[in-house]
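Engineer: Can you read through this structure? Questions will come right after.
Taken together, the values in this text are just the output of simple stated rules run on the coordinates, not laboratory data. Everything numeric here is computed off the predicted structure, so don't read it as measured data. All Cβ positions, even for glycine, are placed from backbone atoms using ideal geometry, and neighbour counts span all protein chains on display.
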Amino acid sequence: MDSAPISALLKQLALSAGFDRAGVARLAPSDHPAALNRWLERGDQASMEWMARRTELRLDSRQLFPGARSALCVALQYSPPADGREASGDLWPRVARYARGRDYHNVMGKRLRKLAKRVRENFPGTQTRIYVDTGPVLERELAARAGLGAVGKNTLLLHPEAGSWFMLGELFTSLELVADPPIADLCGSCSRCLEACPTQALFAPYSLDSRKCISYWTIEHRGPLPNEAREQMGDWVFGCDLCQEACPINAAPTLEGRDPAFDLPAQRGRLDLTALLEIDADAFAESFHGSPMQRAKRQGLRRNAAVAMGNRGDARYVEPLVRALTDRDPLVRRHAAWALGKMQSRTAIGALESALERESDAEVIVELREALGLADCHAD
Ligand code: B12
Ligand code: SF4
Ligand code: SF4
């Protein structure tokens, strides 16, 4: 059997395994090594140190295992539901759309394992290896080579009919497959995503500084958030979709479709910002079982909820924030103090003053003093 029918069969197997699109890339060194090297030199990876490891593999997937020849790249759509029914309550509009249902690592990993098994059954002796954001792979560049889309100026992979609301995965194989043709640039003179980014994290086309990205702050960053990030996060609690929402190609995708795995489960959908701020360990484990939001951990989500409340400035958040000033976790107390400082109501100020009298944690004391306008130097 020559490679063209084998390639066609593998793509068919990928669709049968539950993926929306599949394409083939031949393995070769990256066409944009300078982009990754500059990104790392500038420190744009922020605290994601793992991004600076195994760069040689990222830049040349042939080295992933001896005999690696081709990649079958797959896409799974998580497009928002057309009726917008999920965007209700005060929490879910501000959780990135990919993260409302099941964790794509699990959903796609399971399907990729099934696919790899089918490939090995059809072609005994073939080596396979699968990834879903789980290894040193430049997934977007690889998928662009496989014809699954073109890299947009917001750095996301963009498909002319499906937009950018999809996740990526790969099956690497020792089979010599026929590459699919790449898709030409889709951005042209547009720059709406750069203009829509509230933090200038997209400081130039195709360039993202994670140190300024809301997605990074809310998902990856551990510990206290710097004051500038708190202000810029707005009310995002997990991830950020602004540079995708601004994209005209996402406005009217002609290829509809959304895997039900990405639907928001009813029980999780009932959580609001107050419930998230006050969630205990058992309720967290139950509500976020199998969710990608577990990555931020309970502590990170509670921290983010406090910041979102402060930025919304809604008086109904004063009470839960006042309760959070007595929370066992000093990180939550710190961010609650900051949020109450933004409210500046009489109740908020009174609660901050009482908290200052009883607080023993030095860092929380600094936050309380700042919130009351008593601090003479900055805590960050
Ligand atoms: C680290 C990371 C992040 C970081 C940094 C993001 C970034 N832009 O690098 C943070 C935490 C900020 C992040 C955020 C998000 N992420 Co993320 N992230 C990754 C991860 C793990 C690595 C990305 C990486 O290698 N960055 C380093 C830079 C240098 O690489 P790059 O931007 O991909 O650029 C390469 C090429 O695109 C090319 N290139 C560069 N310039 C040019 C110019 C032209 C003209 C061309 C053609 C190519 C080109 O050169 C580079 C080197 O080859 C990938 C998974 C993976 N292993 O690839 C997911 C991944 C990119 N993330 C994903 C998603 C969904 C998101 C979010 C949308 C989540 C959210 N809603 O909050 C946001 C989007 C933010 C954004 N605008 O990118 C998806 C993207 C799917 C898609 N359709 O593109 C991925 C692929 C995960 C997956 N398996 O699906 N992410
Ligand atoms: S995810 Fe948000 S903060 Fe990050 S680059 Fe896009 S718009 Fe900017
Ligand atoms: S908003 Fe415009 S520039 Fe940005 S990715 Fe979409 S088409 Fe490209």
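Engineer: If you take the beta carbon distance between ASN122 and ALA28 as r and set R0 to 22 Å, what does 1/(1 + (r/R0)^6) give as a FRET efficiency, to the nearest 0.05? Don't skip to the end; give the middle numbers.
Structural biologist: Values: r = 25 Å, r/R0 = 1.13.
Efficiency, from the Cβ-Cβ distance: 0.30.
Engineer: Highest mean first, what order results for 342-351, 171-180 on Cβ atoms within 10 Å? Before the final figure, lay out each step's value.
Structural biologist: Working: 342-351: 16.7, 171-180: 20.0.
Result, highest mean first: 171-180, 342-351.
Engineer: For the range 106-119, just list the computed ³J(HN,Hα) in residue order, Karplus coefficients 6.51, -1.76 and 1.60, θ = phi - 60°, integers in Hz, with x standing in for Gly and Pro.
Structural biologist: With the stated coefficients, the range 106-119 comes to 6, 4, 6, x, 4, 5, 5, 5, 5, 4, 4, 4, 4, 5 Hz.
Engineer: Write out the trypsin sites (Lys or Arg not before Pro) in the range 248-313 meeting two conditions: DSSP loop, and at most 16 other Cβ atoms within 10 Å of their Cβ.
Structural biologist: Numbers: sites: ARG258, ARG268, ARG270, ARG295, LYS297, ARG298, ARG302, ARG303, ARG312; in loops: ARG270.
In loop regions of the range 248-313 (DSSP not H, G, I, E or B), the sparsely surrounded trypsin sites (Lys or Arg not before Pro) are ARG270.
Engineer: In addition: Return the subset of LYS110/LYS297; LYS11/LYS297; LYS110/LYS212; LYS153/LYS342; LYS297/LYS342 for which the Cα-Cα distance in this structure is over 27 Å, preserving the input order.
Structural biologist: LYS11/LYS297; LYS110/LYS212; LYS153/LYS342
Engineer: Here's something else I'd like to know. Please give me, ordered by residue number, the trypsin sites (Lys or Arg not before Pro) of the range 77-175 that lie in loop per DSSP and have at most 14 other Cβ atoms within 10 Å.
Structural biologist: Values: sites: ARG85, ARG94, ARG97, ARG100, ARG102, LYS110, ARG111, ARG113, LYS114, LYS117, ARG118, ARG120, ARG129, ARG140, ARG145, LYS153; in loops: ARG85, ARG100, ARG102, LYS153.
Answer in residue order: ARG85.
Engineer: Note down, for the range 265-380, the three equivalent ellipsoid semi-axes (square root of 5 times each alpha carbon gyration tensor eigenvalue), biggest first, whole angstrom.
Structural biologist: Details: eigenvalues 141, 42, 26 Å².
Semi-axis lengths for the range 265-380 are 27, 15, 11 Å.
Engineer: Considering only DSSP states other than H, G, I, E and B, which GluC sites (Glu not before Pro) in the range 82-170 qualify as loop sites with at most 15 other Cβ atoms within 10 Å? Before the final figure, lay out each step's value.
Structural biologist: Details: sites: GLU86, GLU121, GLU139, GLU141, GLU161, GLU170; in loops: GLU86, GLU161.
Taking the range 82-170 and a limit of 15 other Cβ atoms within 10 Å, the loop GluC sites (Glu not before Pro) found are GLU161.
Engineer: Round to the nearest 0.05 the FRET efficiency obtained for ALA196 and SER360 when R0 = 30 Å and r is the Cβ-Cβ distance. Can you show the working numbers first?
Structural biologist: Details: r = 43 Å, r/R0 = 1.44.
Efficiency, rounded to the nearest 0.05: 0.10.
Engineer: What are the residues whose amide H is under 5 Å from the amide H of GLY169, where those residues sit 5 or more places off or on another chain and H is modelled from the backbone?
Structural biologist: Here the answer is VAL74, since their amide H atoms fall under 5 Å of that of GLY169.
Engineer: Compute the Cα gyration tensor for the range 1-130, then decide on rounded, prolate or oblate, letting a ≥ b ≥ c be the square roots of its eigenvalues: rounded whenever a/c is under 1.5, prolate when a/b is larger than b/c in the other cases, and oblate in all that remain.
Structural biologist: Since a/c reaches 1.5 but b/c is at least a/b, the shape of the range 1-130 is classed as oblate.
Engineer: Sticking with this one: Quick check for you: which residues of the range 326-356 have the amide N under 15 Å from the point 7 Å beyond the Cα of ALA281 toward its beta carbon?
Structural biologist: Residues 328-330 fall inside that zone.
Engineer: Give the separation of the Cα centroids, the range 1-26 to the range 31-66, in Å.
Structural biologist: Distance between centres, Cα-based: 27 Å.
Engineer: Here is a further query. Whole Å is fine, so just give me how far the alpha carbon centre of the range 137-196 lies from that of the range 333-370.
Structural biologist: Going from one Cα centre to the other spans 46 Å.
Engineer: Can you compute 3J(HN,Hα) from phi for each residue in the range 228-243, using the Karplus curve 6.51 cos²θ - 1.76 cosθ + 1.60 with θ = phi - 60°, rounded to whole Hz and x for Gly and Pro?
Structural biologist: Running phi through 6.51 cos²θ - 1.76 cosθ + 1.60 with θ = phi - 60° gives 4, 5, 4, 4, 7, 5, x, 10, 5, 9, 8, x, 7, 10, 4, 6 Hz.
Engineer: On to the next question. Note the direction-averaged projected area, equal to a quarter of the hull surface, for the Cα convex hull of the range 1-264, in nm². It would help to have the intermediate numbers written out before the result.
Structural biologist: Numbers: hull surface 56.5 nm².
For the range 1-264, averaging the hull's shadow over all directions gives 14.1 nm².
Engineer: Once you keep just the Cα pairs under 8 angstrom separated by 6 or more residues, what percentage relative contact order results for the range 1-264? Each step should come with its number before you reach the end.
Structural biologist: Details: 463 pairs, mean separation 70.8, N = 264.
With pairs under 8 Å counted, the relative contact order is 27 percent.
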